[in-house]
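The values are calculated or read from the model by the stated rules, or taken from the named source; none is laboratory data. In this text, all values refer to a predicted model and were calculated from it rather than measured experimentally. With ideal geometry, Cβ positions are generated from the backbone for all residues, glycine too; neighbour counts draw on all protein chains shown. The accessibility values were calculated without ligands, DNA or RNA, using every heavy atom of the protein model including side chains. Shrake-Rupley method; radii C 1.70, N 1.55, O 1.52, S 1.80 Å.
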Amino acid sequence: YKNGLVHVKNPHLDSMDEDVLYHFNLGTKTHNLPVMFGDIKFVCVGGSSNRMKAFAQLMHKELGLEGDGKDLKDICAGTDRYSMYKAGPVLSISHGMGVPSISIMLHELIKLLHHAECRDVTIIRIGTSGGIDPGTVVITDIAVDSFFKAQFEQVILDNIVVRSTELDKDLVEELLNCSKEIHDFPTLIGHTMCTYDFYEGQGRLDGALCSFSNEKKLEYLKRAYDAGVRNIEMESTVFAAICGLCGLKGRISCHRPFPFHVCSCISSHFLISSTYGFGQLWDLYNVKTKNVFQTSFIKKYINTNLVAS
């Protein structure tokens, strides 16, 4: 992207006196965005507000910034839609669940980075996902839809617009190299399938509606695996499409604690299956995913690139 700047593809913005980033409670007239955010180099996004606050606090400590990080303020405190925390050149933002929620956040985030005149920004989505083998970290090379196609379809007015979902290949390899020093989790590169639903859309049998058999589900998941899919979530296609169009280096890294081939029932953050007991999976997710993967894995990549720059 030109001079490393984040650019938007909307000619109408130039004619606006003010751009209000409504869901962030920020605006070009009410806030000095270049002063507030001009030093941002890395943006990490994830579904949970609490998780992204914890990640920002850990990055604050890792970067040796003043204070203990516990008093980091939610920049989006004026709205209850998203949470945003800043730790030096790292911005940590929650995006909620599903394509519509992350899409709104990405539109306003990219405009924010554009107005702040940020340069050479890398954005990484971190979080959990469903997968074939529990406990694996998946670095996404391509986001695919439910038909295993590398595309994101969006209805704009009355037209279906199809956009590419390929991600930055160099960044994939950089993140994989960073993971090699962390032995607690196996890490692999694979396709991530994005669905529009947590229950039927992902082949779960425990929703309020279910229109298929267990055998049909397993047959579909086998075809997905044969097509290169290694995990399933609900945000990857729109993330890849929007980041690519706006010239951002984007990457998705997901921990997959939920083994779809064993069971599809999740209750109160615990997997109900014969593979893990209730407490075991929560310990795996809470201790290892947050403290090992999200800190060691991602912070190593950030630190390496900050030193290089």
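Quick notes on this structure:
- Residue selected from the stretch 127-147 under the condition at pLDDT 85 or above and of a type outside the set (Ser, Thr, Tyr), by the criterion farthest from GLY38 (Cα to Cα): PHE147
- Residue selected from the stretch 67-111 under the condition in a loop (DSSP other than H, G, I, E, B) and β-branched (Val, Ile, Thr), by the criterion surrounded by the fewest Cβ atoms within 10 Å (Cβ to Cβ): THR79
- Residue in the stretch 115-136 that is in a helix (DSSP H, G or I) and not charged (D, E, K, R) present: yes
- Only residues that are in contact with a Gly (Cβ under 7 Å, 6 or more places away or on another chain) and of a type in the set (S, T, N, Q) were counted across the stretch 181-226, and they come to 2.
- Residues of the stretch 13-33 classified as within 29 Å of ALA77 (Cβ to Cβ) and either open to solvent by 70 Å² or more (accessible area, probe 1.4 Å) or modelled with pLDDT under 95 (or both), total: 9
- A count restricted to the stretch 45-66 and to residues that are without any contact (Cβ under 8 Å) to a residue 40 or more places away in the chain, touching a Gly at 6+ places or on another chain (Cβ under 9 Å) and either among the basic types (Lys, Arg) or in a helix (DSSP H, G or I) (or both) stands at 4.
- Residue list for the stretch 105-126, restricted to those being within 16 Å of CYS194 (Cβ to Cβ) and modelled with pLDDT of 95 or more: MET105, LEU106
- Restricting PHE198, PHE147 to residues that are open to solvent by 50 Å² or more (accessible area, probe 1.4 Å) and over 18 Å from the mean Cα position of the chain (by Cα) narrows the list to PHE147.
- Any hit, the stretch 160-169, residues being open to solvent by 10 Å² or more (accessible area, probe 1.4 Å), over 30 Å from GLY27 (Cβ atoms), modelled with pLDDT of 95 or more and not hydroxyl-bearing (Ser, Thr, Tyr): yes
- Selection status of LYS86, touching a strand residue (DSSP E or B) at 6+ places or on another chain (Cβ under 9 Å), more than 17 Å from CYS243 (Cβ to Cβ) and not small (Gly, Ala, Ser): yes
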